[in-house]
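*Asks:* For reference, the structure I am asking about is given below.
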Amino acid sequence: MSLKSKLHDLKEKYKGKKMAPAFNALHTFLYLPNEVTHNGTHVKAADDLKRTMNTVIMALVPCLIFGMYNAGYQHYLAQGMIENANGFLGASFWTVDNLIIGAWTVLPLVAVSYGVGLAVEFLFAVIKGHEVEEGYLVTGMLVPLIVPVDIPLWMLAVAVIFGVVIGKEVFGGTGMNILNPALTIRAFLFFAYPTWMSGDKVWVHGAVARDQAIAAGENLDAISGETILGTYAANNSVAYDYWDMFWGIIPGSVGETSKFLIIIGALFLIFTKIGSWRIMLSTVIGALVMGLIFNGVVDAGIIEDSSKFYGLMSVPFWQHLIIGSVLFGAVYMATDPVTASQTNKGKWIYGFLIGFISIMIRVFNPAYPEGVFLAILLMNVFAPTIDHYVVQGNVKKRMKRLKVKAA
């Protein structure tokens, strides 16, 4: 008997029982559902929620693989065991050793994210008696890509439980949540365990252990795994050139360093009509405008010495796009169809404000110079309000046209 037949028999056996959602989820994850509609008019399309989620995952896989190489590369580079790659195609970057150590540190994050998150999803499906939804497939992949590589797995598990329950299930599940679940998880980690989410010891694998060994008097070299944003915020010089920042061979969260691969993913999502190009473009525009304003303040001499005020204020406006996670947030987070604005005009406003507020938080908060996730969560809350006023504005315009015609 084939696996499909066995799953179908189990599905029929538990049909109508408490565990039915769990078996149905496993069956429909591996195979197409065998139920079809018979009455009424329905929109016929080849895509469904599962295919949509899988498309986003395909766009994220290159960032995941690159993140593994970069985690290993940063680890060995910090230990002085390899030379600087000096570019995206450097021989010391694309090595099996980098991939092995990277996979050893990154894949457990993926396993915990999916294992804990799906367990919560299954539990709520069984308790509430509804089908398991595929919404967490993307969230489970996003979470490992937006956290430090060395975050303890138990912290990640606690955060995932909080994010799925508070960020999604309490609102009714997939399609009903007002906050992006992955960013809710990220926010919980930031506020609950701030020392593990910022500083100079969390972005390079093994940095904390080596610092502890140094403190104990062992003969080891010190390491600084600080991100570029942290370096700028501290008014220190950056050791990376612009191409390093663009290709992604820099310390940072697992999936947000390579701007090149993020752009490729954005083009793929736009081509497949999964991601909104309006939100992506408007977020970039908003970030550039805010960066230009800060540069203008410095150039106009309003602040005589910006380095004594906020180091990131004098960073060239365009460079904000290749440092930090503005692009990653714009492509994979802000475009979440559930929590983003739904109207076309609303998408422009929503995205612009995300980019604008992200750079504002980045500059004015030197203790944690990355505000993308806070900006997106804030605009998640205001997205329905934006859409409401856009719709009301359209209604008023149409009413005026009707009055003119009637006159």
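*Asks:* Can you compute the FRET efficiency between residue 153 and residue 400 using 1/(1 + (r/R0)^6), with r the Cβ-Cβ distance and R0 = 35 Å? Round to the nearest 0.05.
*Replies:* 0.05
*Asks:* Tell me, what % of the accessible area of segment 276-407 is carbon and sulfur with a 1.4 angstrom probe?
*Replies:* Working: 4230 of 6300 Å².
Taking all protein chains in place, segment 276-407 shows 67 percent carbon and sulfur surface.
*Asks:* Residues in segment 376-392, backbone N under 14 Å from the label point at residue 178 (7 Å along the Cα-to-beta-carbon vector): list them, ranges by number please.
*Replies:* Only 377-388 fall inside the zone, counting backbone N under 14 Å.
*Asks:* How far is it, in nm, from the label point at residue 270 to the one at residue 319 when both lie 7 Å from their Cα along the line to the Cβ?
*Replies:* 2.6
*Asks:* Grab the beta carbon distance between residue 239 and residue 50, set R0 = 45 Å, and tell me the FRET efficiency rounded to 0.05.
*Replies:* Numbers: r = 44 Å, r/R0 = 0.98.
Approximately 0.55, to the nearest 0.05.
*Asks:* Counting every Cα pair in segment 263-344, what percent are over 15 Å apart?
*Replies:* Summing the P(r) tail past 15 Å for segment 263-344 gives 61 percent.
*Asks:* Taking the radius of gyration and the Kirkwood hydrodynamic radius from Cα positions alone, what is the Rg/Rh ratio for segment 244-293, to two decimal places?
*Replies:* 1.03
*Asks:* If you don't mind, there's one more thing I want to ask. In whole percent, and with a 1.4 Å probe on the protein chains, what portion of the accessible area of segment 46-138 is carbon and sulfur?
*Replies:* Details: 2940 of 4280 Å².
Using a 1.4 Å probe with all protein chains present, segment 46-138 comes out at 69 percent carbon and sulfur.
*Asks:* Would you please put 384-392, 371-379, 53-61 in order of how densely packed they are, using the mean number of other Cβ atoms within 10 angstrom per residue and starting with the highest?
*Replies:* Values: 384-392: 14.9, 371-379: 23.9, 53-61: 18.4.
Result, highest mean Cβ count within 10 Å first: 371-379, 53-61, 384-392.
*Asks:* Over segment 240-328, give the accessible area per residue in Å² for a 1.4 Å probe, as an integer.
*Replies:* Using a 1.4 Å probe on heavy atoms only, each residue of segment 240-328 averages 43 Å².
*Asks:* Moving to a separate point now. Loop only by DSSP, 16 or fewer other Cβ within 10 Å of the Cβ. Give me the GluC sites (Glu not before Pro) in segment 100-198 that pass, ordered by residue number.
*Replies:* Passing both the DSSP loop test and the Cβ count: 131.
The values are calculated or read from the model by the stated rules, or taken from the named source; none is laboratory data. Remember, it's a predicted structure, so these values are computed and weren't measured experimentally. Ideal geometry is used to build each Cβ from the backbone, glycine not excepted, and the neighbour counts take in all protein chains shown. All accessible areas refer to the heavy atoms of the entire protein, side chains included, with ligands and DNA or RNA removed. Shrake-Rupley method; radii C 1.70, N 1.55, O 1.52, S 1.80 Å.
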